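Student: Would you mind keeping the following structure in view while I ask a few things?
The values are calculated or read from the model by the stated rules, or taken from the named source; none is laboratory data. What you see is a predicted model, and the numbers here were worked out from it, not measured in a lab. We place every Cβ from the backbone using ideal geometry, glycine too, and count neighbours over all the protein chains shown. Only protein heavy atoms, including side chains, enter the accessible area calculation; ligands, DNA and RNA are left aside. Shrake-Rupley method; radii C 1.70, N 1.55, O 1.52, S 1.80 Å.
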Amino acid sequence: MTNMAALIRLAILLGALVSAATPITYPVRNKNHELLDAIAEMQRANYFTFVTLINMVSLDQRIQTNVTFLMPNDRMLSRTLMPQGTVFDFLLRHSIPSPLLFDYLQHIPTGSIIPSSLPDYVLKISNNGRRNFTLNNVKIISPNICSAGSSIRCHGIDGVLSLKVMPENNNTSPPSPSCSNSSSPPAAEAKAPAPSLPLPATPIGELSPTPATAPTPTQPNARPHNSGSSPWLSHGGILKFFVTCVMVLIVGSI
């Protein structure tokens, strides 16, 4: 009986030792092998703070595969205020939903708009060569940091992408003359009357204070006054003719 109890205690002790010696494996939290390889490349390039942000959130498929990360360095991130609950949106804003090496980005012309992983947030490209390639005015300074896998790429940038969405028509068209006081001539100049030609001289008696109007229709039996008619046809001419005849008669009778 004593031997049986000793054997039981020995079996329990051996089981405990075997359990302690066996390593416990914990599943990696939502990270595939390519993402782990990319994280290792980020750490080798001293982007530790960006790696910390990746480890802080529960990742989904949008940034686990087929993605390009745009990584601010540790100094930039140390000066960035990041409220609680915005880390995942920060990673989405700093990623492109496609694995793009810098050689591919260089073929995109200036002014092009590409989407980020964050809905309704876009990246406007300014391509002035390898040493001056910017997205939303933030320059890529360390291209192709992540290149081991095939579905994840990452590039170092020299700033944090602003949360403000870049307008698509920013500085792309000149201001409209109707909306700009600086580009439109003054109202006085626009409405300046054209110089009038000198009016022909007319007799004072014929000047009229009112503008000329179209002639009104006359009655059939009415005689219009004609200032240029013969003096013998006017009333004064008839009176003068009559007086002249009377004087001739009087002189003849004498």
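Student: How would you order 46-52, 108-114 from highest to lowest mean count of nearby Cβ atoms within 10 Å? Display every interim value, and only then the final one.
Tutor: Working: 46-52: 17.7, 108-114: 12.0.
Highest mean packing first, the order is 46-52, 108-114.
Student: So what are the ³J(HN,Hα) numbers for the range 86-92, from phi and the Karplus equation (6.51, -1.76, 1.60; θ = phi - 60°), rounded to whole Hz, Gly and Pro as x?
Tutor: 10, 5, 5, 5, 4, 5, 5
Student: Quick query: amide H of residue 156 versus all other amide H atoms, modeled in the peptide plane; which residues come in under 5 Å with a sequence gap of 5 or more or a different chain?
Tutor: 71, 141, 142, 144, 145
Student: Show me 79-86, 123-130 ranked by packing, highest mean number of other Cβ atoms within 10 Å first. Kindly include the intermediate steps, with their values, before the conclusion.
Tutor: On the way: 79-86: 8.6, 123-130: 14.6.
The peptides rank, most packed first, as 123-130, 79-86.
Student: Still on this structure, I have one more. In the neighborhood of residue 131, defined by Cβ-to-Cβ distances under 13 Å, what is the net charge if each Lys or Arg adds +1 and each Asp or Glu adds -1?
Tutor: On the way: positive: 130, 139; negative: 158.
Its environment carries a net charge of +1.
Student: Still on this structure, please answer the following. Take the solvent-accessible surface of the protein heavy atoms, probe 1.4 Å, and return the percent of it on the range 31-158 that carbon and sulfur atoms account for.
Tutor: Carbon with sulfur: 51 percent of the solvent-accessible area.
Student: Residue by residue through the range 110-120, which ³J(HN,Hα) values in whole Hz follow from phi under the Karplus form 6.51 cos²θ - 1.76 cosθ + 1.60 (θ = phi - 60°), with glycine and proline marked x?
Tutor: Calculated HN-Hα couplings, in order: 4, x, 6, 10, 10, x, 9, 6, 8, x, 6 Hz.
Student: Starting from one equal scatterer on each C-alpha and no solvent at all, send me the Debye-based log10 I(q)/I(0) for the range 31-158 at q = 0.10, 0.17 Å⁻¹, two decimals.
Tutor: Summing over Cα pairs of the range 31-158 leads to -0.28, -0.85.
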